[in-house]
1. Among what's in the range 83-94 and is surrounded by 19 or more Cβ atoms within 10 Å (Cβ to Cβ) and in contact with a helix residue (DSSP H, G or I) (Cβ under 8 Å, 6 or more places away or on another chain), pick the residue that is farthest from P140 (Cα to Cα).
2. Got a sec? Which of M200, M166 is in contact with a Cys (Cβ under 9 Å, 6 or more places away or on another chain) and under 24 Å from A370 (Cβ atoms)?
3. Answer with yes or no whether P161 is outside any loop (DSSP other than H, G, I, E, B) and either touching a residue at least 24 places away in the same chain (Cβ under 8 Å) or closer than 17 Å to N371 by Cβ (or both).
4. Given the structure, is G312 surrounded by 21 or more Cβ atoms within 10 Å (Cβ to Cβ) and under 12 Å from M242 (Cα atoms)?
5. Would you mention how many residues in the range 106-120 are surrounded by 21 or more Cβ atoms within 10 Å (Cβ to Cβ) and not in a loop (DSSP other than H, G, I, E, B)?
6. Which members of the range 15-37 meet the condition of being within 23 Å of the chain's Cα centre (by Cα) and either surrounded by fewer than 21 Cβ atoms within 10 Å (Cβ to Cβ) or not in a helix (DSSP H, G or I) (or both)?
7. Quick test for you: out of V126, V142, pick the one residue that is modelled with pLDDT of 95 or more and part of a helix (DSSP H, G or I).
8. For residues in the range 360-388 being of a type in the set (A, V, I, L, M, F, W, C) and over 16 Å from the mean Cα position of the chain (by Cα), which is surrounded by the most Cβ atoms within 10 Å (Cβ to Cβ)?
Amino acid sequence: MTLVPERPEALAEPTRKVGPGWVVLYVLANVGMFIPMQVPTTFLMPEQIAQIDPAGKVGSYAWVSMMGAISGIVIAPLAGALCDRTTGRFGRRRPWMIAGSLLCTVALVCTGLQTTVAGVALGSLVLSASFMIIGAGIGPVVPDQVPVTQRGVVLGWAAVPQAGGMIAGGLLLGLVTGFSAQYALMAAFPLLIVLFAVGMKDPPLAGGLREPFSMRAFLDGYRISPREHPDFVWAMSSRFIMGLGYGLGTLYMPYFLDDVLHYEQLFPGRSTEDGLLIVIGVNCLATVSTVVLSGWLSDRLGKRRMLVFLGGVTMAAAAIPLALSPTWPMTLVAAVILGVGYGVYLAVDTALVTQVLPASADRGKDMALANLMGSLPYVLVPPIASVVLVDLGGYHSLFLCSAAMSALGAVLVWKVRSVR
């Protein structure tokens, strides 16, 4: 009889449920990541660029957004692959979370001091790189430590900061004035990631079990075989297309409020930022109302694909009112519909992805690729949106494109066969 060697703890499939304390710290770590990730790019950078370059703000913001997203193309999977191979008594994930958090804090403070578009773009690039490093550590924590039957509800709670962090961060910005002070306020949040990293259990990987790293192996990691891992490929494709749909429908909302709805003329005495905060607030409340429930429901039913599909179709439906009737009341209606759909989609899609990862030894790299499929569309959204807005019908066509992409992404999830 041949004995199968027992997997080391760092690579084993988790079977013991995590406790409430672990979940609370993990949720706080997500607060520390998503508020400084979302709030500066949504509230601070567009206004910062508009003050620096009022006439060319659309093109300049597209360039800055692309600079931030491009850094993730190389850094995300590279950091993930190196994280998987990290040895030492501090574990594999902890060092990356701490190093990325410190870099994020420095990048935020420095970006707040910039007075040129190039300076903001450089800050965006470094800031994006820091989140890729953090993600290399925090991304695989759930497949590392949370059993499959608990992932939906854990990821549902963790998605609350992703859904509600923008409105919370936007309100906090009102407590201070000036870009430097506002960016400095955001720079305090990554300390919550350090708190989780220090408090969590992170089993070390013995040096003898570490796969050697080579540039050829790293580049090969970009090529996931559709024949060997079809479900992972389809899940990535669905996530990428959904990201395009979501980005096309939301990235230019500040300029939509200003240039189409003329919000400041519609409501004298209010600023466009006030209108944006209202839209985001309505959207976030709708998202939070469904995100935990949908994650819990997917665990109880054991069905992920149906919920991902329903969430995606609902997100597609949200763009139709804005395409047909771009008014302030319809904008709020669309924000609610989008929030409900995004809440259903958010946690369940991530839980689905954790079940189709190709190999336990590469969880960091593969989760980095999965997260990249959510952020990479933002490289393409600005140039696509610029063409659509200028040459193909403006915001009417932009929202129709958003609906089409979201619907297509929802349909593609049915190609995943190994997850119900």
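1. Ranking the qualifying residues of the range 83-94, first place goes to T86.
2. None of the others qualify; the one that does is M166.
3. Yes: the conditions hold for P161.
4. yes
5. 4
6. Residues satisfying the conditions are W22, V23, V24, L25, V27, L28.
7. Checking each option against the conditions leaves just V142.
8. A385
The values are calculated or read from the model by the stated rules, or taken from the named source; none is laboratory data. All figures in this text were calculated on a predicted structure; none of them were measured in a lab. FYI the Cβ positions are ideal-geometry reconstructions off the backbone, even for glycines, and counts take in every protein chain you see.
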